[in-house]
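Q: Below is one structure. I have some questions about it.
Since every read-out is calculated from the coordinates, none of them should be taken as a lab result. If you're wondering where the values come from, they're calculated on a predicted model, not measured in any experiment. Reconstructed Cβ throughout: ideal geometry from the backbone, glycine too, with neighbour counts over all protein chains shown.
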Amino acid sequence: MMKEKIEIGIINDKEDLKKIFKIREEVFQKEQNINKKLDFDGNDLEVTQILLNYNNEPIGCARIRFIDNKAKLERIALLKIYRGIGLGNLLLDYLIFYCKSKNVKEIYFDAQFYLENFCKKFGFVSDGKPFDEVGIKHIKMVMKLK
């Protein structure tokens, strides 16, 4: 029986960035019908990119933009067949841990609305009313840090 191997970390090479783009293509463009131009907004080389590998397979990703002493989580994606088994929890835990290590005052992101309660379990609170982004209902989630 193979032991599960889970790796989450910051990427720093073009090969890993290609893996992230493939995950985003699968989740955002194919599964959720989001226009490629809206996903690939030109910020990918200016942000901190995170890759989640499960048994050496790239299955999840996110990026973090640091803006005015705040961290904005973006493009959080997990391949569909890996959802519901706790890997999304590990990814979000890592993102929070990493942002806290950068001493930001706040972590925030625009979550797809159906994930609102999931985000609240981590200490995020809803900020404002739900809104439409790329044809999908979203809600801003915020975590204030000391």
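Q: Which trypsin sites (Lys or Arg not before Pro) from the stretch 3-49 combine a DSSP loop assignment with at most 15 other Cβ atoms within 10 Å?
A: Lys3, Lys5
Q: Tell me, in nm to one decimal, what length is gained between Lys70 and Glu7 on full extension, where the rule is 0.36 nm per residue of separation less the Cα-Cα distance?
A: Gain in length upon complete extension: 20.2 nm.
Q: I would also like to ask the following. Which lysines, on any chain, are close to Lys137 with Cα under 21 Å apart, when same-chain ones fewer than 8 places away are left out?
A: Output for Lys137: Lys30, Lys36, Lys37, Lys72, Lys80, Lys120, Lys121, Lys129.
Q: Sticking with this one: First check a/c for the stretch 6-108, with a ≥ b ≥ c the square roots of the eigenvalues of its C-alpha gyration tensor; if it is under 1.5, answer rounded, and if not, answer prolate when a/b is larger than b/c or oblate otherwise.
A: oblate
Q: Further question: Just in the stretch 45-111: which GluC sites (Glu not before Pro) are loop by DSSP and have at most 13 other Cβ atoms within 10 Å?
A: Glu46
Q: Under 12 Å from the Cα of Lys70, which aspartates and glutamates turn up, not counting those fewer than eight places away in the same chain?
A: Counting by Cα, and skipping residues close in sequence, Lys70 has these aspartates and glutamates nearby: Glu106.
Q: Treat the count of other C-beta atoms within 10 Å as a stand-in for reagent exposure and order Ile34, Ile67, Ile81 from fewest to most.
A: Fewest-to-most ranking of Ile34, Ile67, Ile81: Ile81, Ile67, Ile34.
Q: Could I ask something else about it? So in the chain, what percent of DSSP beta bridges are antiparallel if you round to the nearest 5?
A: 90
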